[in-house]
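The values are calculated or read from the model by the stated rules, or taken from the named source; none is laboratory data. No experiment lies behind these values; they were computed from the predicted model shown. Ideal geometry is used to build each Cβ from the backbone, glycine not excepted, and the neighbour counts take in all protein chains shown.
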Amino acid sequence: MTTFLRDTAIVFSREITPSLREPAGLVLEMGQPLVFLFLYGALLDGAVGSSWQWFVPGILVMMCLTGPMGAGYTMLVELIGGSLERLLVTPLNRTAMLVGRTMKVTVVLFCQAVLIVVLALPLGFRLYPVGALAGIAMLLLFATGLGALSFVLAIRSAPDGTLFWLVTQALMFPLLLLSGVFLPMDGGPDWLRVVGDVNPVTHVVDAQRALFSGDLTHPSILYGTAAAALIAAVGLVAGNRALRKGV
Amino acid sequence: MIHARALTRVFTVKKETVHAVRGIDLDVEAGSLVALLGPNGAGKSTTLRMLTTLLPPSSGTATVAGHDVAREPARVRARIGYVGQKSSAGENFQVRDELVSQGRCYGMTTAAAAERADELLDLLGLRAQARRKPGTLSGGQRRRLDIALGLVHRPDLLFLDEPSTGLDPRSRADIWEHITRLREVYGTTLFMTTHYLEEADTMAERVVIVDGGRIIADGTAGRLKNELAGDHITITTRTETEAATAAAVAASVTEAPDGVTVDGTTVRVRVARAPAALPAYLRALEEAGVGAATAETARPTLDDVFLTLTGRSLTDDDLPA
């Protein structure tokens, strides 16, 4: 166990070092969510009640999908480039390689989430600290699962990586659009709402909105947490299995 | 250092079974420099990947640096170094950071890993590139970095997969200078794959030739060449008819009649000792009324060895890029 923790720390510090050397990259990565936040958020103002309370959690979930799902890309590059192979010949624990990478993804997401919240405050976003912290905790759980799944996909996609692009591109937009991140789903036809209900992202988004509005007893929080935990469990089990099977 | 018995690897590619490695037996002594030579697809890299625990064998066993690759892969990994065919350093990371991470992967403290990283940067002449990313390095510098990464934990046994492929001759010579120095100073056992004939010939003291997933020859380059290829006499004649006569004459003077090949007006004859056989052959030609336009003798190459063993040339399908 101690070697596992030590190895996880080694992988995490290797992964985080480039971000620490060039912290501007973290902000640049946030370009799209920031544009969405300011433009879309301004458009929606008034359309969905208190728009910032409604829209900021949506943006956080969007970042939670793009960041961790893209994380597999860095692994794919290392897989194709040969550096992952080099690490696999060291005595480094296999599971630690996955967990350390996932931790880096979640730490980056945490910093970005805090930054988004801080930037939204002057626009009229009201902060409910307990709800916001719980919301971010749920996002990190969700991101852990998504990151791990993205790594599995990267491993399966080697050596050419086509599968990775196919799946992420084909999944990302439907998952986002059918979750009500950008527009409310309530007014949609029945089939749309049914599709939304089986989409785990919908439940996470609903839970985030409740939490960021300070409504700590809303039933959606239970469903959202369950959805995030399910994705995390599936991701970690699948990731572990994929790395053990060999690359 | 390495003991492999009936090492086998089977892949299933699109429902077809591919026998990449078919039962390899191999023993490598500590301190030696062994080259695994063969054409693309001969099973060189697959063998190396099994010996370095990257790929579990389908059957057979291998003990590397004292531990079984299938049962104790972690112990094998702790003792070996590996320089893969591709680039070992991550594109997103600075050169020195990667060396430090690598040291920590082998259980060094951050301070010890940093000290070792600086040592290797000096040893391989990469001090000025310490803060750069691999993408900005030249081909030779990148390869030196790969070797540095393989040496971080001072392994007794270093595996190199095509260490000089894709490098210009000067960088190749430079890489070899580092590799041979390593052996002289630390007594590191080196096991490498290559498809460069000259490299196996001049650098390795033992050459293991593989083809179709099997070992087809094993020995020093000199012994393999003498026993399996022999010298060659090459003459050219003025006409193809004369060449045919010259070939017939050659078949009567050489002890290996199958070692005579004709290509247009060029006749190639395999003999035990070419300098001694040439005058006799030229006299026999004159008696038969054929005048040789040119005549030369050649010592065998490992390609001739491969040709003798398989009927194919190593360079046929495998010209270095």
Looking only at region B:87-120, count how many residues are closer than 19 Å to residue A:96 by Cα, assigned to a helix (DSSP H, G or I), more than 7 Å from chain A (Cβ to nearest Cβ) and without any contact (Cβ under 8 Å) to a residue 12 or more places away in the chain.
1
Going by what's in this entry, would residue B:134 be described as more than 10 Å from chain A (Cβ to nearest Cβ), crowded, with 21+ Cβ neighbours inside 10 Å and touching a residue at least 40 places away in the same chain (Cβ under 8 Å)?
no
For region A:124-140, indicate whether the set of residues that are closer than 27 Å to residue A:240 by Cα, within 14 Å of chain B (Cβ to nearest Cβ) and part of a helix (DSSP H, G or I) is non-empty.
no
State whether the residues of region B:22-29 include one that is within 26 Å of residue B:178 (Cα to Cα), touching a strand residue (DSSP E or B) at 6+ places or on another chain (Cβ under 9 Å), surrounded by fewer than 24 Cβ atoms within 10 Å (Cβ to Cβ) and within 14 Å of another protein chain (Cβ to nearest Cβ).
no
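Looking at A:76, A:109 in this structure, which one is closer than 28 Å to residue A:216 by Cα and either surrounded by fewer than 20 Cβ atoms within 10 Å (Cβ to Cβ) or in contact (Cβ under 8 Å) with a residue 12 or more places away in the chain (or both)?
Sole residue among the options that is closer than 28 Å to residue A:216 by Cα and either surrounded by fewer than 20 Cβ atoms within 10 Å (Cβ to Cβ) or in contact (Cβ under 8 Å) with a residue 12 or more places away in the chain (or both): A:109.
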Kindly establish whether residue B:35 is out of contact with any His (no Cβ under 6 Å at 6 or more places or on another chain), under 22 Å from residue B:156 (Cα atoms), aliphatic (A, V, I, L, M) and away from every other protein chain (no Cβ under 14 Å).
yes
Please tell me if residue B:62 is in contact (Cβ under 8 Å) with a residue 40 or more places away in the chain, part of a strand (DSSP E or B) and within 15 Å of residue B:4 (Cβ to Cβ).
yes
When you go through (1) at pLDDT below 90; (2) out of contact with any Gly (no Cβ under 9 Å at 6 or more places or on another chain); (3) more than 14 Å from chain B (Cβ to nearest Cβ) one by one for residue A:222, which number turns out not to apply?
(1)
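Kindly state which helices (runs of 4 or more DSSP H) lie completely within region B:174-274 and contain at least 2 residues that are touching a residue at least 40 places away in the same chain (Cβ under 8 Å), buried (at least 18 other Cβ atoms within 10 Å of the Cβ) and in contact with a Pro (Cβ under 9 Å, 6 or more places away or on another chain).
The qualifying helices (runs of 4 or more DSSP H) are B:221-228.
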Within the bounds of region B:148-165, is there any residue that is within 14 Å of chain A (Cβ to nearest Cβ), surrounded by fewer than 19 Cβ atoms within 10 Å (Cβ to Cβ) and touching a residue at least 24 places away in the same chain (Cβ under 8 Å)?
yes
Within region A:79-91, is even one residue of a type outside the set (D, E, K, R), away from chain B (no Cβ under 14 Å) and in contact with a helix residue (DSSP H, G or I) (Cβ under 9 Å, 6 or more places away or on another chain)?
no
Does residue B:70 satisfy the condition of being in a loop (DSSP other than H, G, I, E, B) and away from every other protein chain (no Cβ under 11 Å)?
yes
Given (1) surrounded by 20 or more Cβ atoms within 10 Å (Cβ to Cβ); (2) in contact with a Gly (Cβ under 9 Å, 6 or more places away or on another chain); (3) more than 10 Å from chain B (Cβ to nearest Cβ), identify the lone condition not met by residue A:100.
(2)
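Residue by residue, here is whether (1) over 14 Å from residue A:71 (Cβ atoms); (2) loosely packed, with under 15 Cβ neighbours inside 10 Å holds:
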position: A:116; (1), (2): yes, no
position: A:120; (1), (2): yes, no
position: A:125; (1), (2): yes, no
position: A:137; (1), (2): yes, yes
position: A:147; (1), (2): no, no
position: A:155; (1), (2): no, no
position: A:165; (1), (2): yes, yes
position: A:169; (1), (2): yes, yes
position: A:175; (1), (2): yes, no
Subset tally (residues that are more than 10 Å from chain B (Cβ to nearest Cβ), surrounded by 15 or more Cβ atoms within 10 Å (Cβ to Cβ) and closer than 26 Å to residue A:91 by Cα) for region A:1-30
3
Do we have residue B:147 as under 22 Å from residue A:81 (Cβ atoms), among the aliphatic types (A, V, I, L, M), modelled with pLDDT under 90 and in contact with a Pro (Cβ under 9 Å, 6 or more places away or on another chain) here?
no
Of the residues in region B:73-84, those that are buried (at least 19 other Cβ atoms within 10 Å of the Cβ) and either at the interface with chain A (Cβ under 7 Å from one of its Cβ atoms) or touching a Leu at 6+ places or on another chain (Cβ under 7 Å) (or both) number 6
Considering only residues that are modelled with pLDDT under 85 and in contact with a strand residue (DSSP E or B) (Cβ under 7 Å, 6 or more places away or on another chain), look in region B:234-259 and name the one that is nearest to residue B:293 (Cα to Cα).
B:250
